[in-house]
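Readers should treat all values here as calculations from the given coordinates under stated rules, not as data from a laboratory. Just so it is clear, the structure is predicted and the values come from calculations on it, not from any experiment. Please note: Cβ atoms are built from the backbone with ideal geometry, for glycine as well, and neighbour counts cover all protein chains shown.
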There are 2 protein chains.
Amino acid sequence: MQATVIYGAGDVRVERVPDPEIIEPTDAVVRVVRSCICGSDLWPYADMKPSEQGRRIGHEFLGVVEDIGSEVSGLSRGDLVVAPFVFSDNTCEFCVEGLHTSCLHGGDWGSDQVDAGQGEAVRVPQADGTLVKLPSSAAAGDAALLPSLLTLSDVFSTGHHAAVKAGVNERTTVTVIGDGAVGLCAVLAARRLGAERIILMGRHTARTDLGREFGATDVVAERGKEGTEKIRELTGGRGTHTVLECVGTLPAFETAMRVVRAGGVVSRVGVPQYKDGPIGGLQFGRNVTVTGGVAPARHYIPQLLPDVLDGRIEPGRVFDRTIGIGEVPDGYRAMADREALKVQIAF
Amino acid sequence: MQATVIYGAGDVRVERVPDPEIIEPTDAVVRVVRSCICGSDLWPYADMKPSEQGRRIGHEFLGVVEDIGSEVSGLSRGDLVVAPFVFSDNTCEFCVEGLHTSCLHGGDWGSDQVDAGQGEAVRVPQADGTLVKLPSSAAAGDAALLPSLLTLSDVFSTGHHAAVKAGVNERTTVTVIGDGAVGLCAVLAARRLGAERIILMGRHTARTDLGREFGATDVVAERGKEGTEKIRELTGGRGTHTVLECVGTLPAFETAMRVVRAGGVVSRVGVPQYKDGPIGGLQFGRNVTVTGGVAPARHYIPQLLPDVLDGRIEPGRVFDRTIGIGEVPDGYRAMADREALKVQIAF
């Protein structure tokens, strides 16, 4: 089959690799229908050291079950399924608590003998625990729903995680930092949880326009000190109760800590590109909470699925380009150049 | 009157200062009955630059109302009252939310024309909002209750804040870092909130023995890497759901981040002696929340008071030395030398 392999910064190739097959009795093989490129894939695309053997990449996909191991009981060949961006058994003490990203038997797509998501098929470990079966109505082929269903794999679940960990509800004001696909999904998630005041920090008009459609009530294009002042102006000098940090850089986190209201919460879902951050006396004096992390998408998918199936939310609108597997290298380039917001791969 | 003035590191003096009097109609003057020295007073005692005029110090006290301004309606002369460690109006948007430490009209003892707590009397701004009246039974003079009532001013409310912000309950395991008075109060607060497994990190046996009486089920004397390994051994390799960081140094915070279970909470009440701390990818990957801050004691006092009055909890046991005002400089020395755990000043 064909799959995506990254060999270093700027060097993504589509290559012929072995077809996946069942190894463990708890495995399934999924023929991929849709996959996509993640903002976090752009970090190795920006700075990965050259590697001779390369590594498989991609962690968001939905597809059709093609084969199952002898111990898989909840899935059948032909089922349409969506995969969260890590695999997990859904039964260990962490999974039971809803923290599937810390599963004792889980792991990452593309590690060891596990396929990554940007390819034609994937061997899925812990298939019963990992895959979420989609109803046959979606399987019947309403292709219009597929992009939104695909976002449950990572990007919308991640935006939702930011909002949930921040405690967003109808009484909380919200700042979302970042107008990438995760930031826009965080806006949509905050609105879905009842927030009535959502300030989106971003400066790409096409993106912030979609952010307004998703529920942003204000857009702040300024960054750094100017951006902080703008948020303070908009909030009577206080800042917002919650800040959803959807970028991952140190300046974005510093901004988050400055625009959060005393007693408020900074919830991070952008993968931190820093080791240490400002959490000293100033933040302590204001009782600011820092939370968030890697989203347990597997926990959220069943909760979010009904709203996607009903069309009440359309997170799939973050995809502004659809390509075939052969065009994946150009898809990376387009996202890195901010020519595309988020790129979907259709098989 | 006599009051305590700090002039620099190691230089604390008791001096004659002007008697306080009503300035604003919302003021009260309180004649101090009990005051104490805080662990946080030891930071300037360790590193304050020499100052010719010095500054008044102390922020924990209870006493008797001696005079009130014309607009004070909830207090009368002769009332026994306890003061939280900052003053506040108890009516602004932050106070209404229980975050009195961010009061829009509040401030610190010892600032401007406001007296500090280690003296014979204090002018109390925002008296109706700040002071909590104690029942006449306590006022009748059960001196045995006074130490525990005094801890509501700061140290026990601070330990309670750590436990509340961490979300401690009967299902959460707890690590308390630090066997100072705040750490011991955090143990007591965690036990009061239902925690059944409380690991206290500390190496002063007299203190950890009191910690066991307060509810600690395990004591870990090791620090750093050895301490972390010990906690992991005690928790099946997982760490605890909550960590109450009651020291404030960077190594203590680093330990907290290492011994917290994935998905858990590090709650800080030790005043951070650092600007930046480890909150990068490692903490993000484990979904660790960092919370806590300056405790809104005014919010907690009414909630904690019944248990103190009933004798169900005795946080006042953290005081192991009682001195007169003239001995305050030696009280500082004794606490700095760890000869005394916490020093009470009786007037």
Sum up the charges of everything whose Cβ sits under 12 Å from the Cβ of B:VAL260, counting Lys and Arg as +1 and Asp and Glu as -1, but leave B:VAL260 out.
+4
Between the range A:298-324 and the range B:320-339, what is the C-alpha centre distance in whole Å?
64
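Once you compute Rg and the Kirkwood Rh from C-alpha atoms, what is the Rg to Rh ratio for the range B:159-292? Don't skip to the answer; put the middle values down first.
Working: Rg = 12.9 Å, Rh = 14.0 Å.
Rg/Rh for the range B:159-292 comes to 0.92.
Between A:GLU196 and A:ARG55, 0.36 nm times their residue separation minus their Cα-Cα distance comes to what?
On the way: separation 141, 0.36 × 141 = 50.76 nm, distance 4.34 nm.
In short, 46.4 nm is gained.
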Using only the alpha-carbon atoms, how far is helix B:155-166 inclined from the longest principal axis of chain B? Give it as 0 to 90 degrees, nearest 10.
40
Peptides B:242-251, A:47-56: what's the order by average Cβ count within 10 Å, highest mean first?
B:242-251, A:47-56
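What pairs from A:LYS165/B:LYS230; B:LYS49/B:LYS275; B:LYS225/B:LYS342; B:LYS230/B:LYS275; A:LYS133/B:LYS165 go past 26 Å between their alpha carbons?
Values: A:LYS165/B:LYS230 30 Å; B:LYS49/B:LYS275 20 Å; B:LYS225/B:LYS342 29 Å; B:LYS230/B:LYS275 28 Å; A:LYS133/B:LYS165 38 Å.
Beyond 26 Å: A:LYS165/B:LYS230; B:LYS225/B:LYS342; B:LYS230/B:LYS275; A:LYS133/B:LYS165.
What does DSSP give for chain B in terms of the percent of beta bridges that are antiparallel, rounded to the nearest 5?
Working: 31 of 55 bridges.
The answer is about 55 percent antiparallel.
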Distribution of pairwise C-alpha distances over the range A:95-192, 10 Å bins, in %:
13, 34, 37, 15, 1
For the range B:198-211, Karplus-derived ³J(HN,Hα) couplings (6.51, -1.76, 1.60; θ = phi - 60°; whole Hz; x for glycine and proline) come out as 10, 9, 9, 9, x, 10, 9, 4, 4, 6, 5, 5, 5, x
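Do me a favour and compute the ellipsoid semi-axes for the range B:191-259 from its Cα gyration tensor, root of five times each eigenvalue, largest one first, whole Å. Before the final figure, lay out each step's value.
Details: eigenvalues 62, 42, 29 Å².
After diagonalising the Cα gyration tensor, the semi-axes are 18, 14, 12 Å.
Relative contact order of the range B:159-264: what whole-number percent is it, with Cα pairs under 8 angstrom and at least 6 residues apart? Mind showing how you got there, number by number?
Working: 225 pairs, mean separation 31.3, N = 106.
Computed value for the range B:159-264: 29 percent relative contact order.
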Averaged over residues of B:262-271, the number of beta carbons from other chains lying within 10 Å of each residue's Cβ is 3
If I histogram all Cα-Cα distances within chain A using bins 10 Å wide from 0, what percent of pairs lands in each bin?
6, 26, 33, 24, 9, 2, 0
With just the Cα atoms of the range A:1-88, tell me how far they stretch along each of the three principal axes, in Å, largest first.
42, 24, 21
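Rounded to the nearest 500, what is chain A's calculated 222 nm mean residue ellipticity when only DSSP H runs of at least 4 contribute -39500 (n - 2.57) each, over all residues?
Numbers: 13 runs with 106 residues, N = 347.
That comes out to -8500 deg cm²/dmol.
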In the range B:113-169, if every C-alpha pair distance is counted and binned at 10 Å from zero, what percent goes to each bin?
18, 38, 35, 9, 0
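In the neighborhood of A:GLY178, defined by Cβ-to-Cβ distances under 10 Å, what is the net charge if each Lys or Arg adds +1 and each Asp or Glu adds -1?
The answer is -1.
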Computed over the protein assembly as shown, Kirkwood Rh from alpha-carbon pairs, angstrom
27.3
As I understand it, the value is the acute angle between the Cα axis of helix B:181-192 and the longest principal axis of the Cα atoms of chain B; what does it come to in degrees, rounded to 10?
70
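Given a cut-off of under 8 Å on Cα pairs at least six residues apart, what relative contact order in percent is computed for chain A? Walk me through the numbers on the way to the answer.
Details: 864 pairs, mean separation 62.8, N = 347.
The normalised contact order for chain A reaches 18 percent.
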Just to confirm the number: angle between the C-alpha axis of helix B:297-309 and the first principal axis of chain B, 0 to 90 degrees, nearest 10?
90
For peptide A:245-251, the mean count of other chain Cβ atoms within 10 Å per residue Cβ is 1
Whole-Hz couplings from phi, Karplus 6.51/-1.76/1.60, listed for the range B:72-79; x for Gly and Pro
7, 10, x, 10, 10, 4, x, 5
DSSP loop trypsin sites (Lys or Arg not before Pro) in the range A:299-347 with at most 14 other Cβ atoms within 10 Å of their Cβ, which ones?
A:ARG312, A:ARG338
With springs connecting C-alpha atoms under 10 Å apart, model chain B as a Gaussian network and identify which of B:GLN126, B:GLN303, B:GLN118 has the largest mean-square fluctuation.
B:GLN303
Given a 10 angstrom Cα cut-off, can you work out which residue in A:ALA189, A:ALA28, A:ALA252 is the most mobile in a GNM of chain A?
A:ALA252
Scattering profile of the range B:37-76 at q = 0.27, 0.31, 0.32 Å⁻¹ [log10 I(q)/I(0), Debye over alpha-carbon scatterers]:
-0.98, -1.15, -1.18
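Starting from the Cα-Cα distance between B:ASP209 and B:ASP320, subtract it from 0.36 nm times their residue separation and give me the gain in nm to one decimal. Intermediate values should be presented prior to the final figure.
Values: separation 111, 0.36 × 111 = 39.96 nm, distance 1.33 nm.
Taking 0.36 nm per residue and subtracting the Cα distance, the gain is 38.6 nm.
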